[in-house]
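The structure appears right after this line, and notes come after that.
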Amino acid sequence: MKARDRVRPRAAVRFGMVFFEGIETPFASTFAGVHRTPALFGLRFLPFPLEHGDMGVLGFRFGRAAYATDFSVIPPAVLAELQGLDVLILDALRDHPHPNHSTVEQSVALVRQLQPRRAYFTHIAHDLPHAQTNARLPAGVELAYDGLTLEVES
């Protein structure tokens, strides 16, 4: 038996941690799923699975917005749940392909598919010049920036 298999049940009881299948990082028990979703700022945060290369990670839907960063693939079943949001925040690391992250082109394609009212790209590399990158993005899409604030409808 591996050490993590011995520790997980105790951590779950003592620290309220939940371990998602295929995801090595523990999350607070409030993110255990639909039945125990936390409320923050009056919004429920619903976790959804993403792929980060060969590792599973989570994105979050809250109100009419979703946050999906640090991913390479959004599973098809999740895409169906992200249609027509007001705000979509996506990973767009750089222009060149990366095994664990979405590129600018891939994220633009997701925006076109999902059709949110506004989209912000985050988790961006230093080789994406902000103004020049924004100038080539479609209307309603821009790079996120430090200090950006958003209002989200529930």
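Every read-out reported here was derived from the displayed coordinates using simple, explicitly stated rules and does not represent laboratory data. Quantities reported herein were computed from a predicted structural model and do not represent experimental measurements. Cβ: placed from backbone, ideal geometry, glycine included. Neighbour counts: every protein chain shown.
Across the range 57-154, the fraction of Cα-Cα pairs farther apart than 23 Å, rounded to a whole number, is 17%.
Sorting 124-137, 73-86 by their mean Cβ neighbour count within 10 Å, with the most densely packed peptide first, gives 73-86, 124-137.
The equivalent ellipsoid of the range 104-154 has semi-axes of 18, 15, 9 Å, largest first, where each one is the square root of 5 times an eigenvalue of the Cα gyration tensor. Counting only DSSP beta bridges whose two residues both lie in the range 47-154, roughly 50 percent are antiparallel.
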